Amino acid sequence: MAKEIKNVEYGLEKIFEGAQDFLPIMGTDYVEFYVGNAKQAAHYYKTAFGYQSVAYAGLETGLRDRTSYVIGQDKIRIVLTSPLNSSSPIAEHIKKHGDGVKVIALWVEDATSAFEETTKRGAKPFMNPTVEKDAHGEVVRSGIYTYGETIHMFVERKNYKGTFLPGFEKWVSEYNPASVGLKFIDHMVGNVGWGEMNIWVKWYEDVMGFVNFLSFDDRQIHTEYSALMSKVMSNGNGRIKFPINEPAEGKKKSQIEEYLDFYEGPGCQHLALATNDIIKTVTELRARGVEFLSAPPHTYYQEIPARLGEHMNMMQEDINVLEKLAILVDADEEGYLLQIFTKPVEDRPTLFYEIIQRMGAKGFGAGNFKALFESIEREQEKRGTL
Ligand code: FE2
C-alpha cells in the first residue's frame with residue numbers, strides 16, 4: 001500500500017508515494033445522475049439536502065432528447081438528467097439500473113492529454129476530446145469508462161466563464177431553500193462484482209496513476225451474517241478518493257450483493273459529503289425528511305471515550321447529542337471523524353449518502369463498519385434481501 005509522504009492539508013502537491021500525476025486532477029467537477037424525472041429529483045435535492053439552483057438545459061435551450069438540472073452547494077455540483085423519449089440511451093440506462101450515478105466528472109488542466117494518457121494505458125473510450133463553445137468561452141471534455149457503465153469525464157474549463165457548460169442557461173428559481181452546510185465531496189464509493197476489486201484497483205493504478213492507500217478485508221469488515229472487502233484508491237494530491245468494494249462470502253447476502261442485484265451490475269454505492277458542523281447539518285436534514293440508518297445500541301456511545309483515547313480531549317461534540325442524532329464516531333492516529341449514512345434515496349436499494357466531518361482523521365470509519373452493517377442488515381431484513 002502507498003505511504004503518505006507527509007502530513008499536510010490536501011493541496012495540489014503530491015502527498016502519496018508512487019502516485020503518478022500524468023492527468024493531474026484538481027478536484028471533482030460534477031456528478032451526473034441519470035434519473036426518471038429530473039425535475040422532481042431537483043426539487044427533492046433542493047428541499048431535502050439544501051442544494052441551490054445553478055443551471056438548466058432542455059427543450060427551451062434547444063435540446064430535443066433530454067433535460068438536465070444542475071444544482072450546487074458550496075463546491076458540490078450535481079447534474080440530474082432525464083431522457084425525453086424511449087429510444088434514448090439514457091432511457092436504457094434507467095430501465096436497467098434505475099436512478100443512479102452515470103458520470104463522475106474530474107476537473108483537469110488538459111482534457112485532451114487526460115484522454116490520451118488514460119486510453120493509451122488501457123481505458124475504454126466513451127467520448128473523444130470535444131470542444132464545446134458559447135458566448136462565455138469554451139470547455140473541452142473527454143470521457144472514459146470505469147466500472148460497470150459508469151463514466152469518468154475529464155473537464156477542462158480554464159477558458160470558460162459561464163455558469164456550468166456551454167448549452168446550459170443559468171437556472172433562476174424563486175424557490176431557494178437554505179443550504180444545510182454541505183461543503184464538498186469527500187469520497188465516492190464503487191461497488192464491483194465478486195472477485196473484481198483487485199482488477200479495478202489495478203485499473204486505477206495503471207490507467208489513472210492512483211495509489212491504494214487503505215485496505216480492509218473480510219476479517220475486518222464482517223458481521224455475523226455478511227462481509228465485504230474494500231480498498232481505497234487516491235490520486236496523487238489526495239483530492240480524489242475512490243474506495244472500491246466487493247462482496248465476500250457470509251452466512252447471508254451482503255449489502256454489496258443486494259446493491260449488485262438491484263443496480264443490475266457494478267456502480268456508485270455512495271457519495272460522502274463533507275460538512276464542518278455535522279450536528280447542525282444532520283439536525284437540518286432530519287427536519288427536512290432525510291432518512292438515516294438507525295443508531296447503534298447505547299453501549300456504542302458509552303464506549304466512545306475509550307475508543308477515542310487521547311483524541312477525546314479535542315472532542316467538542318456532546319456524545320448525548322450524537323446518540324440522539326445517530327451520528328457515528330471513529331478515530332485513527334491523527335484524529336477523529338463523525339459520520340452518518342442515509343437510507344437509499346431511490347426505490348431500489350442502491351445509492352445512498354454519507355455525511356462526514358473530519359476532525360483530523362483520514363480514515364473511512366473502519367471502527368464503525370460492524371455497527372453500520374448491522375444497521376443495514378436490519379433494513380435488508382425488512383426488505384427480504386438479507
Ligand atoms: Fe464512505
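The values are calculated or read from the model by the stated rules, or taken from the named source; none is laboratory data. Note that this is a predicted model, so its numbers are computed, not measured. Cβ atoms come from the backbone with ideal geometry, glycine included; neighbour counts cover every protein chain shown.
Given the criteria within 16 Å of the ligand (Cβ to nearest atom), in contact (Cβ under 8 Å) with a residue 24 or more places away in the chain, of a type outside the set (Ser, Thr, Tyr) and within 21 Å of residue 386 (Cβ to Cβ), does residue 185 qualify?
The answer is no for residue 185.
I'd like the full set of residues that are more than 15 Å from the ligand (Cβ to nearest atom) and touching a helix residue (DSSP H, G or I) at 6+ places or on another chain (Cβ under 7 Å), limited to the range 360-384.
Residue satisfying the conditions is 380 alone.
Quick one: residue 151 ticks every box in (1) closer than 20 Å to residue 26 by Cβ; (2) out of contact with any Phe, Trp or Tyr (no Cβ under 9 Å at 6 or more places or on another chain) except a single one, so which number is it?
(2)
Report yes if some residue within the range 293-302 is hydroxyl-bearing (Ser, Thr, Tyr), outside any loop (DSSP other than H, G, I, E, B), modelled with pLDDT under 95 and crowded, with 16+ Cβ neighbours inside 10 Å; otherwise report no. Don't jump to the end; show me each part of the working.
As a first pass, look at the range 293-302 and keep what is hydroxyl-bearing (Ser, Thr, Tyr): 294, 299-301.
With the extra rule that they be outside any loop (DSSP other than H, G, I, E, B), the set shrinks to 299-301.
Filter again for modelled with pLDDT under 95, leaving 299-301.
Now restrict to residues that are crowded, with 16+ Cβ neighbours inside 10 Å: 300-301.
Scanning the range 293-302, I find at least one residue that is hydroxyl-bearing (Ser, Thr, Tyr), outside any loop (DSSP other than H, G, I, E, B), modelled with pLDDT under 95 and crowded, with 16+ Cβ neighbours inside 10 Å, so the answer is yes.
How many residues does the range 333-358 hold that are within 16 Å of the ligand (Cβ to nearest atom) and over 17 Å from residue 271 (Cα atoms)? Step through it out loud before you land on a result.
Restricting attention to the range 333-358, the residues satisfying the condition of being within 16 Å of the ligand (Cβ to nearest atom) are 336-345, 350-358.
The next check asks that each one be over 17 Å from residue 271 (Cα atoms); those that pass are 336.
Residues that pass the stated criteria total 1.
Among the residues that make up the range 325-341, is at least one of them crowded, with 21+ Cβ neighbours inside 10 Å and more than 21 Å from the chain's Cα centre (by Cα)?
There is at least one residue in the range 325-341 that is crowded, with 21+ Cβ neighbours inside 10 Å and more than 21 Å from the chain's Cα centre (by Cα).
Which is touching a Gly at 6+ places or on another chain (Cβ under 6 Å), modelled with pLDDT of 85 or more and either crowded, with 21+ Cβ neighbours inside 10 Å or not β-branched (Val, Ile, Thr) (or both), of 211, 232?
Details: 232 fails: touching a Gly at 6+ places or on another chain (Cβ under 6 Å).
Being touching a Gly at 6+ places or on another chain (Cβ under 6 Å), modelled with pLDDT of 85 or more and either crowded, with 21+ Cβ neighbours inside 10 Å or not β-branched (Val, Ile, Thr) (or both) holds for just one of 211, 232, which is 211.
Kindly indicate the residue of the range 238-258 that is in contact with a Pro (Cβ under 7 Å, 6 or more places away or on another chain) and not charged (D, E, K, R) and also surrounded by the fewest Cβ atoms within 10 Å (Cβ to Cβ) among those meeting that condition.
Filtering the range 238-258 down to residues in contact with a Pro (Cβ under 7 Å, 6 or more places away or on another chain) leaves 254, 256-258.
So of that shortlist, the ones also not charged (D, E, K, R) come out as 254, 256.
Numbers: 254: 27, 256: 24.
The extreme case among them is 256.
Just give me the residues in the range 178-198 being charged (D, E, K, R) and in a strand (DSSP E or B), in sequence order. If you could, list the steps in order and put the result at the bottom.
Filtering the range 178-198 for residues charged (D, E, K, R) gives 183, 186, 196.
Listed by number, the residues that qualify are 183, 186.
Kindly indicate whether residue 33 is buried (at least 16 other Cβ atoms within 10 Å of the Cβ), among the hydrophobic types (A, V, I, L, M, F, W, C), in contact with a Gly (Cβ under 7 Å, 6 or more places away or on another chain) and modelled with pLDDT of 95 or more.
Working: buried (at least 16 other Cβ atoms within 10 Å of the Cβ): yes; among the hydrophobic types (A, V, I, L, M, F, W, C): yes; in contact with a Gly (Cβ under 7 Å, 6 or more places away or on another chain): yes; modelled with pLDDT of 95 or more: yes.
So residue 33 fits the description; yes.
Scan the range 302-315 for residues that are within 22 Å of residue 281 (Cβ to Cβ) and free of Cβ contacts under 8 Å to residues at least 40 places away in the same chain and jot them down.
Within the range 302-315, the subset within 22 Å of residue 281 (Cβ to Cβ) is 304, 308, 311, 314-315.
The answer is 304, 308.
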